[in-house]
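For reference, the structure is listed below as structure tokens.
The values are calculated or read from the model by the stated rules, or taken from the named source; none is laboratory data. These figures come from a predicted structure and were not determined experimentally. Positions of Cβ are backbone-derived with ideal geometry, glycine not excepted, and every protein chain shown enters the neighbour counts.
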Amino acid sequence: MPRILKTIKAVAVHYGVRPDTVSKDWRTQGMPGSPGKYDLDEIDKWRAMRDSQKDRSGTLNIYSPGEQLPLIEDVAENKARQIAADASKKEAEARLKTLQVIRAENADIVELDRVESFLTELFAAARKRFMRIPVKLKRFGPDVQKACLQQIELELHAVKKQAERLIDLRDE
């Protein structure tokens, strides 16, 4: 009866190794099996064959007798590519962290369009309220009403000028 395990983690537990050892080392070295079906008998045979290929120093010899070994230049070139890839990965991770920091720092910043829209609505509502004041002062006579209306218009104009400075700030 075949002994079948379904996960790399289960294989790792069975052999007393870390899941990374199974997924990264053993699988890349040719361990038999596929996700959902890891036959322990086949893995035992593979491990015995692999162990018999270790040289006296305990290093795994992954080359068959008579197989041409890679040239030193090829090994060096592959190592250089790996180093460059690792450097690129670290650079990308650093850029990502920088963007995350910038995003976190700017979390409280409100977009200028939203501020302009809010202020436009606020000033329109304030203008309506101010323009109702002379109507309420009508009982004090037309002179008071007219003077109040003129003063409101002057004040609203001054507020409008200050608000226009926001546009200048956006363009800076």
Residue among Gln151, Gln82 that is over 31 Å from the mean Cα position of the chain (by Cα), surrounded by 10 or more Cβ atoms within 10 Å (Cβ to Cβ) and modelled with pLDDT of 75 or more: Gln151
task: All but one of (1) at pLDDT 90 or above; (2) under 31 Å from the mean Cα position of the chain (by Cα) hold for Lys6, so report the exception by its number.
output: (2)
message: Considering only segment 119-137, I want to know if a residue exists there that is loosely packed, with under 11 Cβ neighbours inside 10 Å, outside the structural domain of Arg165 (by TED's automatic domain parsing) and closer than 28 Å to Arg165 by Cβ.
response: no
task: Quick one: count up the residues across segment 82-116 that are free of Cβ contacts under 8 Å to residues at least 12 places away in the same chain and closer than 30 Å to Cys148 by Cβ.
output: 0
